[in-house]
Amino acid sequence: LGNTFIYVAIVVPGSVIFGLVVAILVHERTKSKAIYQTIFFLPVTTTLIAMSVVWHFLLNPSLGPLTSLSRALGWGDFDVFGDPDLVLVGLAVIGIWQLVGFNMILFLAGLTAIPRDLYDAADIDGADGAWDRFACVTWPMLGPTTLFVVVTTTITAFRVFDTVAVITRGNPQGRSDVLLYTLYKVGFQDFNIGPASAMTIAFLVFVLIVALAQAFVIDKRTHY
């Protein structure tokens, strides 16, 4: 549970913030907008298991190109998935990489729905700077979209399994042993169906609590 919550705590703010930043940057484009949308959305369309193998190769401590680059720069070797202190961060980076494109599309839909009249009114009132326009118009109007993005991203982050099963298998020292992977080992490797069923119920309860808390707490502060 601790590993799962750490993973969620990194992935949710990272993917939501980066998704919003990318959406704003892409939204301002004109001719190349469709190209950037396609590029950032590609990770969503790929199979995460296959991409986990690619990431494992990229960060391989012996053969990975990033390790070779680190050696060339004089930084020495590094093993992200073999270091107990870095393994969850490495898995979280992959999770953020996969979710940014999906969140970008949702935020782009929200940005498109904002009336241009609000920006014109903000300019008249003196909020003509980029930050002022974002703080006074864009961010408040994206409230419903942000609520939806946070809820869906949190649930997706809690369901992390593919990258752990392919890359780390809960290692090193159990530091990447997340809830769903533990459930898989208990239920389908050890065939302890009773404890696995109990863990499934616990997982559903956690997701339900998170969804309800976000819906009732954040929703009250959301402008519709």
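The values are calculated or read from the model by the stated rules, or taken from the named source; none is laboratory data. None of the values given here were measured: they were computed from a predicted structure. Positions of Cβ are generated from backbone atoms using ideal geometry, with glycine treated the same way; all protein chains shown enter the neighbour counts. Side chains are part of the model used for accessible areas, which takes the heavy atoms of the whole protein and leaves out ligands, DNA and RNA. Shrake-Rupley method; radii C 1.70, N 1.55, O 1.52, S 1.80 Å.
Might you check whether a residue that is farther than 21 Å from residue 42 by Cβ, modelled with pLDDT of 90 or more, buried (at least 20 other Cβ atoms within 10 Å of the Cβ) and not aliphatic (A, V, I, L, M) occurs anywhere in region 165-172? Can you show your working first?
Here is the first cut: in region 165-172, the ones farther than 21 Å from residue 42 by Cβ are 165, 168-172.
Imposing the further condition that a residue be modelled with pLDDT of 90 or more reduces the set to 165, 168-172.
Checking which are buried (at least 20 other Cβ atoms within 10 Å of the Cβ) leaves us with 168.
Of the ones still in play, those that are also not aliphatic (A, V, I, L, M) are 168.
The answer is yes, given that some residue of region 165-172 is farther than 21 Å from residue 42 by Cβ, modelled with pLDDT of 90 or more, buried (at least 20 other Cβ atoms within 10 Å of the Cβ) and not aliphatic (A, V, I, L, M).
The rows are residues; the columns are (1) surrounded by 14 or more Cβ atoms within 10 Å (Cβ to Cβ); (2) modelled with pLDDT of 90 or more; (3) of a type outside the set (A, V, I, L, M, F, W, C); (4) on the phi > 0 side of the Ramachandran plot.
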site: 70; (1), (2), (3), (4): yes, no, yes, no
site: 78; (1), (2), (3), (4): yes, no, no, no
site: 90; (1), (2), (3), (4): yes, yes, yes, no
site: 95; (1), (2), (3), (4): yes, yes, yes, no
site: 106; (1), (2), (3), (4): yes, yes, no, no
site: 114; (1), (2), (3), (4): yes, yes, no, no
site: 134; (1), (2), (3), (4): yes, yes, no, no
site: 151; (1), (2), (3), (4): yes, no, no, no
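Scan region 57-76 and report the pairs whose first residue is farther than 18 Å from residue 168 by Cα and free of Cβ contacts under 8 Å to residues at least 24 places away in the same chain and whose second residue is open to solvent by 80 Å² or more (accessible area, probe 1.4 Å) and among the aliphatic types (A, V, I, L, M), with Cβ atoms within less than 9 Å and a gap of 6+ or a chain change.
Every condition considered, the pairs that remain are 75/69.
Looking only at region 19-38, which residues are part of a helix (DSSP H, G or I), closer than 15 Å to residue 112 by Cα and of a type in the set (Ser, Thr, Tyr)?
none
Among the residues of region 169-179, is any on the phi > 0 side of the Ramachandran plot and of a type in the set (D, E, K, R)? Break it down into steps so the answer makes sense when it comes.
Kept after step one, since they are on the phi > 0 side of the Ramachandran plot, are these residues of region 169-179: 169-170, 173-174.
From what's left, of a type in the set (D, E, K, R): 169.
Yes, that holds for at least one residue.
Can you pull out the residues in region 115-150 that are touching a residue at least 24 places away in the same chain (Cβ under 8 Å) and either over 26 Å from residue 15 (Cα atoms) or of a type in the set (Gly, Ala, Ser) (or both)?
143
Show the residue pairs meeting these rules: Cβ distance below 7 Å; 6+ apart or different chains; first residue within region 201-213 and closer than 14 Å to residue 5 by Cα and assigned to a helix (DSSP H, G or I); second residue of a type in the set (S, T, N, Q) and open to solvent by less than 40 Å² (accessible area, probe 1.4 Å).
Filtered contacts from region 201-213: 210/154.
Starting from residues that are out of contact with any helix residue (DSSP H, G or I) (no Cβ under 6 Å at 6 or more places or on another chain) and over 17 Å from residue 28 (Cβ atoms), keep the ones in region 136-149 and report whichever is most open to solvent (accessible area, probe 1.4 Å).
Let us first name the residues in region 136-149 that are out of contact with any helix residue (DSSP H, G or I) (no Cβ under 6 Å at 6 or more places or on another chain), namely 138-141, 143-144, 146, 148.
If we keep only those that are over 17 Å from residue 28 (Cβ atoms) as well, we get 140, 143-144, 146, 148.
On the way: 140: 46, 143: 16, 144: 42, 146: 20, 148: 114 Å².
Among them, the one singled out is 148.
Any residue at all in region 184-193 that's small (Gly, Ala, Ser) and modelled with pLDDT under 85?
First, the residues of region 184-193 that are small (Gly, Ala, Ser): 187.
Applying the additional criterion that residues be modelled with pLDDT under 85 yields none.
Within region 184-193, none of the residues are small (Gly, Ala, Ser) and modelled with pLDDT under 85.
Considering only residues of region 29-48 that are over 16 Å from the mean Cα position of the chain (by Cα) and open to solvent by 70 Å² or more (accessible area, probe 1.4 Å), which is nearest to residue 90 (Cα to Cα)?
Of region 29-48, the ones over 16 Å from the mean Cα position of the chain (by Cα) are 29-39.
Narrowing further to those that are open to solvent by 70 Å² or more (accessible area, probe 1.4 Å): 29-31, 35-36, 38-39.
Details: 29: 31, 30: 34, 31: 35, 35: 28, 36: 25, 38: 25, 39: 22 Å.
Top of the filtered list is 39.
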